[in-house]
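Scroll down for the structure; my scribbles are underneath it.
The values are calculated or read from the model by the stated rules, or taken from the named source; none is laboratory data. Just so it is clear, the structure is predicted and the values come from calculations on it, not from any experiment. Virtual Cβ from ideal backbone geometry, glycine too; neighbours counted across all protein chains shown.
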Amino acid sequence: MKYTGIEECWFIYGIRIKQYYFGFLRYHSKGGPASVEFDWLKALNRFLLGWYHSHPKGATTYPSDRDYRTMRSWVLGKGKSMLCGIFCEGQQQCHLFKKTGVDKQKNSIIERSLMVSKIKGPFFFGVNR
């Protein structure tokens, strides 16, 4: 994907089979330099695996603080692991966010791991290492 100067985002819908994720990108949205709005009812679909979005020029393909907060909320709300794909300046990475336990204060522990992933046109493939 090529960065256009505005935030762009797609839903990733699909299925998970063991550590493999098979999906496709749907519902392209555009926004401002650091945010994008959606029809969030589409996020309630049980086949939602996560999101694929852009970061501003000069940023990285690692999740921002906002990405971490957003993914934490969705992992806890959906009760399942979620994908966060990011592209920036010709690079792309996909991160898996998942609940791994509860700490002593009874807060959920959400961990991020880097996945091997490929996006070809509207199709997504990922493997959790």
task: Could you look through the stretch 116-128, keep only residues that are farther than 21 Å from Thr60 by Cα and in a loop (DSSP other than H, G, I, E, B), and pick out the one that is modelled with the highest pLDDT?
output: Pro122
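So which residues in the stretch 37-51 are among the charged types (D, E, K, R) and either closer than 11 Å to Arg26 by Cα or surrounded by 15 or more Cβ atoms within 10 Å (Cβ to Cβ) (or both)? Walk me through it before giving the result.
Quick first cut of the stretch 37-51, residues among the charged types (D, E, K, R) only: 37, 39, 42, 46.
The one that is among the charged types (D, E, K, R) and either closer than 11 Å to Arg26 by Cα or surrounded by 15 or more Cβ atoms within 10 Å (Cβ to Cβ) (or both): Lys42.
Is the stretch 72-83 home to any residue that is aliphatic (A, V, I, L, M), in a strand (DSSP E or B) and either free of Cβ contacts under 8 Å to residues at least 24 places away in the same chain or closer than 19 Å to Val127 by Cβ (or both)? Can you show your working first?
Just the residues of the stretch 72-83 that are aliphatic (A, V, I, L, M), to begin with: 75-76, 82-83.
Going one step further and asking which of them are in a strand (DSSP E or B), we end up with 82-83.
Filter once more, so that each one left must be either free of Cβ contacts under 8 Å to residues at least 24 places away in the same chain or closer than 19 Å to Val127 by Cβ (or both): 82-83.
Among the residues of the stretch 72-83, at least one is aliphatic (A, V, I, L, M), in a strand (DSSP E or B) and either free of Cβ contacts under 8 Å to residues at least 24 places away in the same chain or closer than 19 Å to Val127 by Cβ (or both), which makes the answer yes.
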query: In the stretch 14-36, how many are surrounded by 11 or more Cβ atoms within 10 Å (Cβ to Cβ), out of contact with any helix residue (DSSP H, G or I) (no Cβ under 9 Å at 6 or more places or on another chain) and under 25 Å from Ser113 (Cβ atoms)?
result: 10
message: Need pairs with beta-carbon distance below 6 Å; first residue outside any strand (DSSP E or B) and within the stretch 90-115, second aliphatic (A, V, I, L, M); sequence gap 6+ or separate chains.
response: Asp103/Ile109
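Hey, can you tell me all the residues within the stretch 65-85 that are of a type in the set (Gly, Ala, Ser) and either modelled with pLDDT under 90 or in contact with a strand residue (DSSP E or B) (Cβ under 7 Å, 6 or more places away or on another chain) (or both)? Break it down stepwise before answering.
Kept after step one, since they are of a type in the set (Gly, Ala, Ser), are these residues of the stretch 65-85: 73, 77, 79, 81, 85.
Scanning the stretch 65-85 gives Ser81, Gly85.
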- request: Would you check if Gly58 is assigned to a loop (DSSP other than H, G, I, E, B), exposed (fewer than 14 other Cβ atoms within 10 Å of the Cβ) and not hydroxyl-bearing (Ser, Thr, Tyr)?
  value: yes
- prompt: In the stretch 55-105, what count of residues is obtained for those that are over 18 Å from Arg129 (Cβ atoms), touching a Lys or Arg at 6+ places or on another chain (Cβ under 9 Å) and among the small types (Gly, Ala, Ser)?
  reply: 2
